[in-house]
Amino acid sequence: MGSHFQTVVDLDATQADAPTLATSGLDWLVKEGIVRAELTNCVLGVPLGHPPGPLWAKAVGQADWEPSDGLKIETGRTVFHGGQGDAMFAVCPHCAGRVDLYTDEWDVIEAAWEPFGKAIETWHNTGGAAVTCPRCRRASDLTEWTWDDDYYAFGYLGFEFWDWPEFSPSFLERFARALGGHRMALVGGKF
Ligand SMILES: [Zn+2]
């Protein structure tokens, strides 16, 4: 069995303010009792993370099992994604047209995928990229596109929780408020 993760991505954090926001986000989570301030060996692939706090259940929809692992905070320009698999399609922010990236059998549709793959690479290198919609022919910022299963999020700050039950919408709203009312995305998956 792989490890599951849920990453709360702050879509409005910038390169410059991500470290400060990381600290204030962590402070809020600790104050709420959702994670502990200390660092322990509780996150896959990194030596130290913040383990679940005494009131972790406040953050989840159904507390039917205990989170086994902790929180890792990611700062810096990051292509957040859902781990295993990929987005089957992307949705244009202008025309809401769906651009299929894979067939129903999960064969990649190269011609459709290529401009997105290039844009993701460019965004990773520079922090800016656009994709022209094959349907309406308008170019949109890569970060404005939406994805099948919310597979991708592009940003500078992510709170990555390992092996927690699914977060509740009210927790995500409160967390967003604690971060100054920023727009948040939830990316989840398995490694
Ligand atoms: Zn379009």
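Considering only segment 50-74, state which residues are assigned to a strand (DSSP E or B) and open to solvent by 70 Å² or more (accessible area, probe 1.4 Å).
Of the residues in segment 50-74, the ones assigned to a strand (DSSP E or B) are 50, 52, 60, 71-74.
Residues satisfying the conditions do not exist here.
Would you mind listing the strands (runs of 3 or more DSSP E) fully within segment 118-186 where at least 3 residues are at pLDDT 95 or above and over 17 Å from the mean Cα position of the chain (by Cα)?
Details: elements: 130-132, 139-141, 152-162.
Qualifying strands (runs of 3 or more DSSP E): 130-132, 139-141.
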Exercise for the section: Could you tell me whether any residue of segment 13-24 is open to solvent by 30 Å² or more (accessible area, probe 1.4 Å), under 27 Å from Thr126 (Cβ atoms) and in contact with an Asp or Glu (Cβ under 7 Å, 6 or more places away or on another chain)? Expected result: no
Handout entry: Those residues of segment 123-160 which are of a type in the set (S, T, N, Q) and free of Cβ contacts under 8 Å to residues at least 24 places away in the same chain, in sequence order
Key = Asn125, Thr126, Thr132
Fill in the blank from the handout: Checked Pro165, Pro169, Pro115 against criteria (crowded, with 17+ Cβ neighbours inside 10 Å and either in the same structural domain as Ala22 (by TED's automatic domain parsing) or without any contact (Cβ under 8 Å) to a residue 12 or more places away in the chain (or both)); the one match is Pro165
Exercise for the section: Scan segment 88-112 for residues that are surrounded by 13 or more Cβ atoms within 10 Å (Cβ to Cβ) and within 16 Å of the ligand (Cβ to nearest atom) and report the count. Expected result: 13
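The values are calculated or read from the model by the stated rules, or taken from the named source; none is laboratory data. What you see is a predicted model, and the numbers here were worked out from it, not measured in a lab. A quick note on method: Cβ atoms are made from the backbone with ideal geometry, for glycine too, and the neighbour counts reach across all protein chains shown. Each accessible area value is taken on the protein alone, full model and side chains, heavy atoms only, with ligands, DNA and RNA left out. Shrake-Rupley method; radii C 1.70, N 1.55, O 1.52, S 1.80 Å.
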